[in-house]
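Trainee: Got a structure for you, questions after.
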Amino acid sequence: MDFSNYMLFTLMVGFSLVQILTEYVTRKMLKTEKKSILFNQYVSDKHFKIEWILRGVSLAGLVVMSYIYLSTNAPIDTWFTLLLFYLLFMNIVNESVTAYMEKKYAKSKNQYIATLIEMVLFSSFLLCIMVANLLGLLP
């Protein structure tokens, strides 16, 4: 393994630790329950339906993006950049809907604040990766 792989691994581990620590601290300060990592916790049936509709739309968008990319002669770094922008956009949409539903229907009224903080943290991580050109891993 060369240095860039170690740097990428270190960045991913570091980001994961920062995200776990931030989630722990914000949930303790706001006195909300911890979200499950493996299972989605929907606050209502309406939230469940909207979340699955958004997943379908995001999957369809990914298929359309793949088709457009494969039908053109765009370089590979364009595909990764578009994919990261798409992930950023869909993350913001999904987490915003979750935060809205938590504010409206959740038992703990501060739960949406922790969701928004996590969304901002993940979005800033994706933006940093995009600005750094995938840490120089792309040609």
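The values are calculated or read from the model by the stated rules, or taken from the named source; none is laboratory data. Since the model is a prediction, treat every value here as computed from it, not as a measurement. In this analysis, Cβ positions are derived from the backbone assuming ideal geometry, glycine residues included, and neighbour counts consider all displayed protein chains.
Trainee: How many residues, within the stretch 28-54, are touching a residue at least 60 places away in the same chain (Cβ under 8 Å) and loosely packed, with under 15 Cβ neighbours inside 10 Å?
Mentor: Selection size over the stretch 28-54: 3.
Trainee: Can you tell me which condition Val25 does not meet? The list is (1) modelled with pLDDT of 90 or more; (2) surrounded by 14 or more Cβ atoms within 10 Å (Cβ to Cβ), and all the others hold.
Mentor: (2)
Trainee: In addition: I'd like the full set of residues that are touching a residue at least 24 places away in the same chain (Cβ under 8 Å) and either of a type in the set (A, V, I, L, M) or within 30 Å of Met29 (Cα to Cα) (or both), limited to the stretch 69-86.
Mentor: Of everything in the stretch 69-86, those that are touching a residue at least 24 places away in the same chain (Cβ under 8 Å) and either of a type in the set (A, V, I, L, M) or within 30 Å of Met29 (Cα to Cα) (or both) turn out to be Ile76, Leu84.
Trainee: When only residues in the stretch 87-108 that are free of Cβ contacts under 8 Å to residues at least 24 places away in the same chain and within 20 Å of Ser123 (Cα to Cα) count, which is surrounded by the most Cβ atoms within 10 Å (Cβ to Cβ)?
Mentor: Ranking the qualifying residues of the stretch 87-108, first place goes to Ala99.
Trainee: Given the conditions (1) within 15 Å of the chain's Cα centre (by Cα); (2) at pLDDT 85 or above; (3) closer than 26 Å to Phe9 by Cβ, which single one is not true for Leu126?
Mentor: If we test Leu126 against (1) within 15 Å of the chain's Cα centre (by Cα); (2) at pLDDT 85 or above; (3) closer than 26 Å to Phe9 by Cβ, just (2) comes out false.
Quick grid of which residues meet (1) assigned to a helix (DSSP H, G or I); (2) within 23 Å of Ser58 (Cα to Cα); (3) out of contact with any Asp or Glu (no Cβ under 9 Å at 6 or more places or on another chain); (4) hydroxyl-bearing (Ser, Thr, Tyr):
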residue	(1), (2), (3), (4)
Met90	yes, yes, yes, no
Val93	yes, yes, yes, no
Ser96	yes, yes, yes, yes
Ala99	yes, yes, yes, no
Glu102	yes, yes, yes, no
Leu116	yes, yes, no, no
Met119	yes, yes, no, no
Met130	yes, yes, yes, no
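Trainee: Out of Ser66, Ser124, I need the residue that is hydroxyl-bearing (Ser, Thr, Tyr) and over 20 Å from Met7 (Cβ atoms). Which one?
Mentor: One residue alone meets the criteria, Ser66.
Trainee: Continuing with this model, one more query. Out of the residues in the stretch 35-86 that are polar (S, T, N, Q) and closer than 23 Å to Met119 by Cβ, state the one that is nearest to the chain's Cα centre (by Cα).
Mentor: In this case the residue turns out to be Ser58.
Trainee: Given the options Ser124, Ser71, name the one that is hydroxyl-bearing (Ser, Thr, Tyr), closer than 30 Å to Ser44 by Cβ and surrounded by fewer than 13 Cβ atoms within 10 Å (Cβ to Cβ).
Mentor: Within the list Ser124, Ser71, the selection yields Ser124.
Trainee: Right, next: Which residue, of Leu70, Leu62, Leu38, is modelled with pLDDT under 90, aliphatic (A, V, I, L, M) and either assigned to a loop (DSSP other than H, G, I, E, B) or within 18 Å of Asn91 (Cβ to Cβ) (or both)?
Mentor: Testing whether each residue is modelled with pLDDT under 90, aliphatic (A, V, I, L, M) and either assigned to a loop (DSSP other than H, G, I, E, B) or within 18 Å of Asn91 (Cβ to Cβ) (or both) leaves just Leu38.
Trainee: I'm trying to understand the selection: among the residues of the stretch 82-105, which are farther than 13 Å from Ser66 by Cα and not hydrophobic (A, V, I, L, M, F, W, C)?
Mentor: Passing the criteria: Asn91, Asn94, Glu95, Ser96, Thr98, Tyr100, Glu102, Lys103, Lys104, Tyr105.
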